[in-house]
Amino acid sequence: MKPSMSFNCLSGQSFVIIRLILPLVFCSILISGCNNDKVSKKAKIAQTVSDSVGLKDKNVEKTALENLDLPNIEPEQIIEEKPFVAFTPFWTYYSTKILLNEDFIGYDKNRSRISKAKFLKQLSTGIYQPILINPTDSIRYQLKRSPRSADTGIALYMEKFANDQLTFYSMEGKPIPKFNFTTIDDRHYTSNNTKGKIMLFKCWFLSCSPCVKEIPDLNELVETYKNRNDFVFISLAIDEKAPIKEFLKKTTFDYQTVAHQEPYMVNKLHVQGYPTHFLVDKQGLVVKVSNDVREMKMFLERLLAKN
């Protein structure tokens, strides 16, 4: 079955919430005006995505990985996967084989190696689908053009999420934007007093069911590192202090929660989908950004293995 979508305007704000009912789902907020124009839903969504996923900063730095002198793909290395037409098989493949926030090596449609930034940029046009190349000593993806008959949801999905990944990739290795948080329990966290700490930020809001569903996994993460004094777990919520406190009376959440953080999340962290997690190292630099707590655990373990 094709994923269903529902569209609701948030009261008092110019946002449209798009909920993708998928095996792995999160709440995606796209900037758009709420209006009653007589336009088809599909046209509105296409325009919403097109208008809202553009990047402000087009100059994405290359990483050391991208500067490696690696060859183009040899024919025998290619898995002859055909690009998908229907959304369901596309999503099954994408959600099990593709991880765009990994340090992968990318190839264009002609099998020539390109930087990760260029790969994501081309993927964000909605014209291509990412295909996994035979695994060797590294993760490699190739771009393949979507058929004209492909479900339009595939293009919309790739436009949105490739752009998100490009935005977050551009933040890797750069300082987390300056902050001065006061939690709902009056604890203070700033860019200065967290120096020398590994930080995990969770961006969310109360009515986001995937955000709430992952809380037990996040509590397990806190439990795992409870004896270390160099970890900080911070929950950045859109909601106000009072409803958060009511929620926490019934649900245990071991992160330190900061209320009313939408301006920081949207304007500084460029978050559009929830939940979103940021891993920050002891130097205050962004290591990885992910919508999946399982991925974030993996990235955290890698970071600790380096230290």
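The values are calculated or read from the model by the stated rules, or taken from the named source; none is laboratory data. Treat the numbers as computed from the prediction; the structure is a model and nothing was measured. Methodologically, a virtual Cβ is constructed for each residue, glycine included, from the backbone with ideal geometry; neighbour enumeration extends over all protein chains shown.
Restricting attention to the range 243-254, does a residue exist that is among the hydroxyl-bearing types (S, T, Y), closer than 22 Å to D217 by Cβ and touching a residue at least 12 places away in the same chain (Cβ under 8 Å)? The answer is yes, given that some residue of the range 243-254 is among the hydroxyl-bearing types (S, T, Y), closer than 22 Å to D217 by Cβ and touching a residue at least 12 places away in the same chain (Cβ under 8 Å).
With respect to V286, is the statement that it is in the same structural domain as E240 (by TED's automatic domain parsing), closer than 15 Å to F233 by Cβ and β-branched (V, I, T) true? No, not satisfied.
It is to be established whether one or more residues within the range 173-180 are closer than 22 Å to C203 by Cβ and without any contact (Cβ under 8 Å) to a residue 12 or more places away in the chain. Within the range 173-180, one or more residues are closer than 22 Å to C203 by Cβ and without any contact (Cβ under 8 Å) to a residue 12 or more places away in the chain.
Within the range 97-116, can you find the residues that are hydrophobic (A, V, I, L, M, F, W, C) and modelled with pLDDT of 95 or more?
Hit for the range 97-116 is I114, nothing else.
Candidates are the residues of the range 152-198 that are assigned to a strand (DSSP E or B) and among the aromatic types (F, W, Y); the one that is farthest from L236 (Cα to Cα) is Y189.
Looking at the structure I just gave you, is K144 in a helix (DSSP H, G or I), in the same structural domain as N101 (by TED's automatic domain parsing) and charged (D, E, K, R)? No; evaluated as a whole, the condition is false for this residue.
Is it the case that the range 172-179 has a residue that's within 23 Å of R113 (Cα to Cα) and not aliphatic (A, V, I, L, M)? Yes, some residue in the range 172-179 is within 23 Å of R113 (Cα to Cα) and not aliphatic (A, V, I, L, M). Is the range 123-143 home to any residue that is surrounded by fewer than 20 Cβ atoms within 10 Å (Cβ to Cβ), at pLDDT 95 or above and of a type outside the set (F, W, Y)? Checking the range 123-143: at least one residue is surrounded by fewer than 20 Cβ atoms within 10 Å (Cβ to Cβ), at pLDDT 95 or above and of a type outside the set (F, W, Y). When each of H260, H277, H270 is tested for being assigned to a loop (DSSP other than H, G, I, E, B) and either at pLDDT below 95 or crowded, with 18+ Cβ neighbours inside 10 Å (or both), the lone residue that passes is H270. Here's a check for you: in the range 286-307, which residue that is among the aliphatic types (A, V, I, L, M), part of a helix (DSSP H, G or I) and under 14 Å from the mean Cα position of the chain (by Cα) is surrounded by the most Cβ atoms within 10 Å (Cβ to Cβ)? Among those residues, the one meeting the criterion is M296. Does Y264 satisfy the criteria of being touching a Phe, Trp or Tyr at 6+ places or on another chain (Cβ under 6 Å) and among the hydroxyl-bearing types (S, T, Y)? Considered against the rule, which asks whether it is touching a Phe, Trp or Tyr at 6+ places or on another chain (Cβ under 6 Å) and among the hydroxyl-bearing types (S, T, Y), Y264 comes out as no.
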